2 protein chains.
Amino acid sequence: MSWKDYLTERQSAHLEDFRTFLSIPSISAQPAHRDDVRQAAEWLAARFKQAGFLQAEVLPSAGHPVVLAEYCPYPDKPTVLFYGHYDVQPADNPERWNSPPFEPTVVDGRIVARGASDMKGQVMAFLLAAEALIASGQLQLNVKALIEGEEEISSPSLPAFIEQHKERLRCDMIINGDSGQLSETVPLLGLGVRGICGLEFDLTGPGHDLHSGTWGGQVQNPLHAMAELIASLHNPDGSVAVKGFYDDVEPLSPELRAWYQKIPWNEEEMRQKLGVSEFYGEAGYGPWERTTGRPTLEVNGMWGGYTGPGGMTVIPSTAHAKITCRLVPNQDPDKIVSLVKAHLETHLPIGVRLTVRVKESGARAFRMRADHPGCVAAREVLAELYGVPPVETMFGGSVPILGTLKQMLGHDPVSFGFGLEDELIHSPNEFFRLSSFEKGKRGYAMLLTRLAH
Amino acid sequence: MSWKDYLTERQSAHLEDFRTFLSIPSISAQPAHRDDVRQAAEWLAARFKQAGFLQAEVLPSAGHPVVLAEYCPYPDKPTVLFYGHYDVQPADNPERWNSPPFEPTVVDGRIVARGASDMKGQVMAFLLAAEALIASGQLQLNVKALIEGEEEISSPSLPAFIEQHKERLRCDMIINGDSGQLSETVPLLGLGVRGICGLEFDLTGPGHDLHSGTWGGQVQNPLHAMAELIASLHNPDGSVAVKGFYDDVEPLSPELRAWYQKIPWNEEEMRQKLGVSEFYGEAGYGPWERTTGRPTLEVNGMWGGYTGPGGMTVIPSTAHAKITCRLVPNQDPDKIVSLVKAHLETHLPIGVRLTVRVKESGARAFRMRADHPGCVAAREVLAELYGVPPVETMFGGSVPILGTLKQMLGHDPVSFGFGLEDELIHSPNEFFRLSSFEKGKRGYAMLLTRLAH
C-alpha cells in the first residue's frame, strides 16, 4: 500500500487522534495546567511509538518535558530533525469561545480548539506522514522529532535540553513545523522571523487605593500616569519613540524592498478578514515591511483600578502593563529591553514609582538563504502540492528556537508548516482547516521523500 | 437611667450588633449579592424595632429595598429625618485584605470590615443613640430614619421612592450621616459636597484579538489608542483638557480662598498617610481647593489585553475605561458628560471605534449656608463633644442624594457623621475607629437632644 492510500484509508481515525490531542489543555503559561502539559507529552510520545518510531520518550527539562522520537534505522543515510511544540496559549475568556476551547468541534470543515493551528495540527500531520511512510516502507531516511512544551512561554528550558542531548539530536537538516502558508491555494516559503523581547511594569502612586472624590485633584492617578507613559512610547508617525530603538536596524535595501513589493497584499480583503476600519503603522513602509521588516513595540496588556460591573469611584494604588518588542536583524534583545526601560524611567510622570520586570528569554531575529537545500526542496514540494510556486516571505512573529537550533545544532531550520493567518491563533475560537490538515500530511510525506533522494 | 449610662452599660452588646451588621455583604453594585443586600435591610429594620422605633419597615423600590423607621409619638413637636445607607462598596481583591472583608475584626481599637466607615458604623451609632434616648425617656422630638441600599451605585431608585412616600417622609430637618470629622480630636462641619457624573467606554480595533507578532506594526493597538486618548484628557498643568469643562465654573472668590486658607493641612503628615511621594494636581490651587473647590476628571478603571500570569503576545480587539468627574456648583452633570464624550470623539486615534455608555445618575454639587439652624446646632454639639470648635469645610466626594433630599423634601440636609479620611473607604482593609463609634453614639444623642429644644 502506498503512503497516500494509507493516509486516505485511515483519515477518520487520524482525525480522532487529532481531537484527542487537542482535548488536553497543555497551557504552558499557567501553573494550574502543569499536569495537563505532561499528559499531552505522554500521549504524544505513545502516539509516536504507535506510528512506528523506534524510540519515543518523554524527557525531563528544567521546565515542562520534551518529547523526543526517533526513527533512525539507516546508519548511512541523512537524518532530518523535525521541530514542533505541543504546548498551547492560554484560553481565558471562555465566554468568548463559541465552543469550549478544549472540546474540539468540527464546523464547516474547520476544527475549533485552542492549539489547533498553533500547532498541534502540524505536529499531528508530521507524525501521521511519517507513520504512513514507515507503514508503506517508503521512509528512506532517518527522522527525529523534537517536540517541546514551552514554545508559548519562549522556550526557556530548551537550550539547556539541547546542550544535554546534543549527540542524540545530531542531524543533517532541520524542519521547523511552526509555520504557515499564505492561503488555502497559495503556498508560502518562510525565510525568516522577527526576534522578540519583553518586559512588564507597575506604576505605584498612593500606598493604597483612594476614594476618587475625596482625593481626586490632589493625587497623581496611576492610570493617568500609565496612559501618559504608554502614549509616550510612539511618535505621531507610528514609529517607536524609544531613544536608540532603531540604532542597529539596517535600512531595507532596494533589493529587499523590491522583493517585498512582489508579495501579494489585498488591502480590502485583509481589512475585512481582520475586521479593522483601516490599517495603521509606521509611515513610509508597506504592509509586509511593517510586519516583517521593521521592529515594533506593542502593549499586550494594560490594567488597573476597578474593572468589574457597575462603578467604583477609586484612584487605584497601582497600574500595570505588559510590553513586547519585535526585532529585526542586528537588534539585540537585551539592549532593546534596556532602552525601553530607560525610556520608562526618563518619561516617568510625577507622583508615581516604577517597577520593571524584564522577561528572561528574548530572541534575535532569524533569516535564511533562499538557496539553502532545504528551501529548494520545500519550494519544489509546495509547488507540486498547490500547483503554484510558493510566495517567498518572512514572518512577523517570533520562533525563538530557530536561532537556538541553528546555533546549537549547526543548521538553518527550514520553515515548512500549514497554519493560515486567519486561524485566530492566540485568540478565542482558534481553528485549523481540515483541508490544511490533509495537505500537511501529504506535504510532509512528500518533503521527507524528496529529501531522501 | 440617663442615655449616657444606658450606652455605657450596653457597650459590648452594641459592638456585637455592629459586627453582625458588618458581616452581611450588602454590595449593591454586584447582582450576586442581591439577597445579601435584602438581608442587611431586614436585619436593620428589625434592629430599629428592637430599639423602640414605633414603625420600621423594609419597603420595596425599583432596585434594592429601603429601610424606613419612625418614632413619631409627638404630633406637636418637630420631626428630624436621618439619612443613611446600608449598602457597601465591592470588596474585590480579597488577597489584599488582612482579614476577610465580611468577617469584622477588631485590631488596635479599630474594627476592620467593608462598610465599617462607609457607613454602617454611623447608621448603627445613630440607631443606638435613638435607642438610648427612647429607653431613658429623653427623646423629645419625632425621628424618622431613611436608610437606602443603593448609595454606592448612585441611588438610582431613591428619587422615585421619595416621591412615592413623600407624605410619610415629611420632616422639619434632615441629618445626613454619610459624612465625617477632620481627625480624632478635631471636628468638622461639612458645608457641601462635589457633584458627580460618569461614563464608561470601549475602543474596538480589530474584530478579534490578533497575534502581536503577525500583525504588530500594521494594525492600531486599542491599548495604544486608549493610552493616547486618556492622556489627552489632561493638560500638562494638571487641569482637565476637555473643551468647555470649566465654562460654568465660577472662579473661587477671594473670601472663599481666604476661608480655605484657614483649614489645617499638614503636607508631610498627609503625604505619609496616603503613601504618596508628592502631591499633584491643578496648578495654582491649594489642597482643599483642589479636592473640594475645583472639578476633576478621574479614570477609575482601565483595562485590555492579557492581564494574567506570564505573557501572551496579543493585540487585543478591545480596550476599556471607566471615568468619573467631580463637579462644583453651576456645572451640569449631563452637560459635562456630553463634553467628555465629545472630547473622546474628536480625539479618537486612527483605527479604533468608540462606544460610550453614560452612567444614568449624575448629581450636581451641593452647598449650604453656615447659619442654617441645623449647622448652628451641629456646630455647638461638636464643640462640646470634642472640646474645640469644628473646622468648617466642604467635601470632595459626592452624596448625590443631598440635592435630591433638598429638592424633594424642602430642607438642606445637615451633614453630621463620624468617618475619618484615612479609614480606607472604597479600598481593602476599610476600618472604623471604635472611638468614633462611641463619639458617634454620644454625638447623635446630643444633637437630637439639642434639636428638641
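The values are calculated or read from the model by the stated rules, or taken from the named source; none is laboratory data. These figures come from a predicted structure and were not determined experimentally. Because the Cβ atoms are built from the backbone with ideal geometry, glycine has one as well, and the counts that use them run over all protein chains shown.
What to note about this one:
- Only listed residue being within 30 Å of A:Leu297 (Cα to Cα) and in contact (Cβ under 8 Å) with a residue 40 or more places away in the chain, chosen from B:Leu189, B:Leu169, B:Leu252, B:Leu229: B:Leu229
- Qualifying position, being on the phi > 0 side of the Ramachandran plot and within 14 Å of chain A (Cβ to nearest Cβ), among B:Gly180, B:Gly205, B:Gly217: B:Gly217
- For segment B:129-160, a tally of residues being over 18 Å from the mean Cα position of the chain (by Cα) and either in the same structural domain as B:Lys322 (by TED's automatic domain parsing) or surrounded by fewer than 23 Cβ atoms within 10 Å (Cβ to Cβ) (or both) returns 10.
- Checked against (1) surrounded by fewer than 16 Cβ atoms within 10 Å (Cβ to Cβ); (2) within 12 Å of another protein chain (Cβ to nearest Cβ); (3) free of Cβ contacts under 8 Å to residues at least 60 places away in the same chain, A:Val376 meets all criteria but (2).
- Leading residue by the ranking (nearest to B:Ser427 (Cα to Cα)) among those in segment A:279-312 that are among the β-branched types (Val, Ile, Thr) and either more than 7 Å from chain B (Cβ to nearest Cβ) or surrounded by 23 or more Cβ atoms within 10 Å (Cβ to Cβ) (or both): A:Val299
- You will find that of B:Ser154, B:Ser136, the residue that is of a type outside the set (A, V, I, L, M) and on the phi > 0 side of the Ramachandran plot is B:Ser154 and no other.
So that you can scan it fast, the table gives a plain yes or no per residue for (1) over 22 Å from the mean Cα position of the chain (by Cα); (2) part of a strand (DSSP E or B); (3) on the phi > 0 side of the Ramachandran plot:
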position: A:Ile323; (1), (2), (3): no, yes, no
position: A:Asn330; (1), (2), (3): no, no, yes
position: A:Ala377; (1), (2), (3): yes, no, no
position: A:Val381; (1), (2), (3): yes, no, no
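Residue-wise test of (1) surrounded by fewer than 14 Cβ atoms within 10 Å (Cβ to Cβ); (2) within 18 Å of B:Tyr444 (Cα to Cα); (3) not small (Gly, Ala, Ser).
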position: B:Phe18; (1), (2), (3): no, yes, yes
position: B:Phe21; (1), (2), (3): no, no, yes
position: B:Pro25; (1), (2), (3): no, no, yes
position: B:Ala40; (1), (2), (3): no, no, no
position: B:His64; (1), (2), (3): no, no, yes
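- The requirement of being of a type in the set (Asp, Glu), closer than 26 Å to B:Lys335 by Cβ and under 24 Å from the mean Cα position of the chain (by Cα) is fulfilled nowhere in segment B:246-262; no residue meets it.
- Of the criteria (1) facing chain B (nearest Cβ under 7 Å); (2) closer than 30 Å to B:Gly286 by Cα, which one A:Pro222 fails: (1)
- Filtered residue count, segment B:66-92, keeping only those that are surrounded by fewer than 20 Cβ atoms within 10 Å (Cβ to Cβ) and within 14 Å of chain A (Cβ to nearest Cβ): 1
- Flag for A:Ile336 being within 12 Å of chain B (Cβ to nearest Cβ) and β-branched (Val, Ile, Thr): no
- Residue among B:Ser436, B:Ser398 that is among the hydroxyl-bearing types (Ser, Thr, Tyr), out of contact with any Lys or Arg (no Cβ under 9 Å at 6 or more places or on another chain) and within 23 Å of B:Trp265 (Cα to Cα): B:Ser436
- Filtered residue count, segment B:279-317, keeping only those that are in contact with a helix residue (DSSP H, G or I) (Cβ under 7 Å, 6 or more places away or on another chain) and among the charged types (D, E, K, R): 3
Listed here are the residues, each with its yes/no results for (1) surrounded by fewer than 18 Cβ atoms within 10 Å (Cβ to Cβ); (2) closer than 24 Å to B:Ala258 by Cβ; (3) touching a Pro at 6+ places or on another chain (Cβ under 7 Å).
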site	(1), (2), (3)
B:Val381	no, no, no
B:Glu384	yes, no, no
B:Pro400	no, no, no
B:Lys406	yes, no, yes
B:Gly410	yes, no, no
B:Ser415	no, yes, no
B:Phe418	no, no, no
B:Glu421	no, yes, no
B:His426	no, no, no
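- Count - residues of segment A:313-330 that are buried (at least 24 other Cβ atoms within 10 Å of the Cβ), more than 7 Å from chain B (Cβ to nearest Cβ) and over 30 Å from B:Val358 (Cα atoms): 3
- Within segment B:150-242, helices (runs of 4 or more DSSP H) holding 1 or more residues that are out of contact with any strand residue (DSSP E or B) (no Cβ under 6 Å at 6 or more places or on another chain) and over 30 Å from B:Gln30 (Cα atoms): B:212-215, B:222-231
Results for (1) assigned by TED's automatic domain parsing to the domain that holds B:Leu81; (2) outside any strand (DSSP E or B); (3) under 27 Å from A:Thr313 (Cα atoms); (4) more than 20 Å from the chain's Cα centre (by Cα), shown as yes or no for each residue.
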{"site": "B:Thr393", "(1), (2), (3), (4)": "yes, no, yes, no"}
{"site": "B:Ser398", "(1), (2), (3), (4)": "yes, yes, yes, no"}
{"site": "B:Thr404", "(1), (2), (3), (4)": "yes, yes, yes, no"}
{"site": "B:Gln407", "(1), (2), (3), (4)": "yes, yes, yes, no"}
{"site": "B:Glu423", "(1), (2), (3), (4)": "yes, yes, yes, no"}
{"site": "B:Pro428", "(1), (2), (3), (4)": "yes, yes, yes, no"}
{"site": "B:Ser436", "(1), (2), (3), (4)": "yes, yes, yes, no"}
{"site": "B:Gly443", "(1), (2), (3), (4)": "yes, yes, no, yes"}
{"site": "B:Leu447", "(1), (2), (3), (4)": "yes, yes, no, yes"}
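- Filtered residue count, segment A:161-171, keeping only those that are touching a helix residue (DSSP H, G or I) at 6+ places or on another chain (Cβ under 9 Å) and either surrounded by fewer than 21 Cβ atoms within 10 Å (Cβ to Cβ) or closer than 14 Å to A:Pro413 by Cα (or both): 5
- For segment A:333-369, a residue qualifies if it is of a type in the set (Ser, Thr, Tyr) and in a helix (DSSP H, G or I), and the qualifying residues are A:Ser338, A:Thr346.
- Of all residues in segment A:237-278, those that are among the basic types (Lys, Arg) and within 13 Å of another protein chain (Cβ to nearest Cβ) total 2.
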